[in-house]
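Down below is the structure, laid out as structure tokens.
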Amino acid sequence: MIVCPNCNHPNPDAAVQCEACYTPLPTMTTCPSCGASVQADASFCGQCGFNLQVATVSTGSNQPEPLPATVSPDFDLPELAMPDPLIPPDPLVVSALGSPMVSEPLESATVPEAAIAEPVAAPVAANPPPAMPPAPLGSQTQLQTQIARLLHVQTNQFVELPVNLAVIHIGKPNDRIPPDIDVSGFPHSEIVSRIHADIRVEGDIYYIEDVGSSNGTYINNAPLPSGNRHRLRPGDRIALGKGDKVTFLFQIS
């Protein structure tokens, strides 16, 4: 099915112009990752999120060029003279005052007894402070996880996005892709498709894309082309369908 970009009328796959408004329809192609039908000018697949702009360009043979053969010089190189072997240094003996000096081997060196000081014991406190007990494991600082949510403008209700999901499906109950965010209970939900839009989570970045809905998805009152995705930022206005009747505000706390 090809959705008309002008009036959102669904047309057969082989149609070249819209049946309702006679607008030329975009060319469709097949996603190389999941085989779904997407527009030829789409940046990402609406079903699996595959990047459609990645293309492998054949550059011919990848064999490296052979290196030039080594050319022997026309003259004879002189033989290098071998250096003399290194002479080991004389052993160093540390005097009682701490300065090194060169003397006889270490076995014959003697140190005056007067220069040897007896070790002095460190003073012991009369009342040593009590040892602090180790902190319990539960008192360790825990990292805070950001929570993303949608505020339904018409009813002023919050819908928190599910955590630990890379793809969050928005729509109404169906037999193909059950929605993670069900909007069937909100007013005017009849304009929302059963499989309407997806929110993709990549680290701490959120993207939204329309996956071929009948009435389209609008970001900040601008239509979001099917197959393309928009990076969500706090305060973005998301309208599911025309007329701004099912509207959410994206928030992060």
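Coordinate-derived values only; no laboratory data. For clarity, every value in this text was computed on a predicted model and none was experimentally measured. Cβ: placed from backbone, ideal geometry, glycine included. Neighbour counts: every protein chain shown.
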Next on the checklist: Please list, ordered by chain and number, the residues whose modelled amide H lies under 5 Å from the amide H of Phe50; skip anything fewer than 5 residues away on the same chain.
Outcome noted: Cys45
Item to check | Ranking of Cys7, Cys45 by count of other Cβ atoms within 10 Å, fewest first | outcome: Cys7, Cys45
Item to check | Using θ = phi - 60° and Karplus 6.51 cos²θ - 1.76 cosθ + 1.60, couplings along region 176-192 (whole Hz; Gly, Pro as x) | outcome: 9, 10, x, x, 7, 10, 8, 9, 5, x, 8, x, 6, 6, 5, 7, 8
Checklist outcome for this item: Going residue by residue through region 232-244, the Karplus relation 6.51 cos²θ - 1.76 cosθ + 1.60 with θ = phi - 60° gives ³J(HN,Hα) values, rounded to whole Hz and with x marking Gly or Pro, of 7, 10, x, x, 5, 9, 10, 10, 9, x, 7, x, 6
Item to check | Neighbour-count order for Cys31, Cys21, Cys48, fewest beta carbons within 10 angstrom listed first | outcome: Cys21, Cys48, Cys31
Item to check | Placed amide H near Gly212: partners under 5 Å, 5+ positions off or other chain | outcome: Gly227
Next on the checklist: Please rank Asp182, Asp84, Asp41, Asp198, fewest neighbouring Cβ atoms within 10 Å first, as an exposure proxy.
Outcome noted: Asp84, Asp41, Asp182, Asp198
Next on the checklist: Rounded to the nearest 20 debye, what is the charge dipole size of region 196-253 about its Cα centre when +1 sits on each Lys and Arg Cβ and -1 on each Asp and Glu Cβ?
Outcome noted: 160
Checklist outcome for this item: Listed by chain and number, the residues whose amide H is under 5 Å from that of Leu232, excluding neighbours fewer than 5 places away on the same chain and using placed H, are Tyr206, Tyr207, Ile208
Next on the checklist: Can you give me the distance in nm between label points at Asn221 and Leu86, each placed 7 Å from the Cα along the Cα-to-Cβ direction?
Outcome noted: 8.0
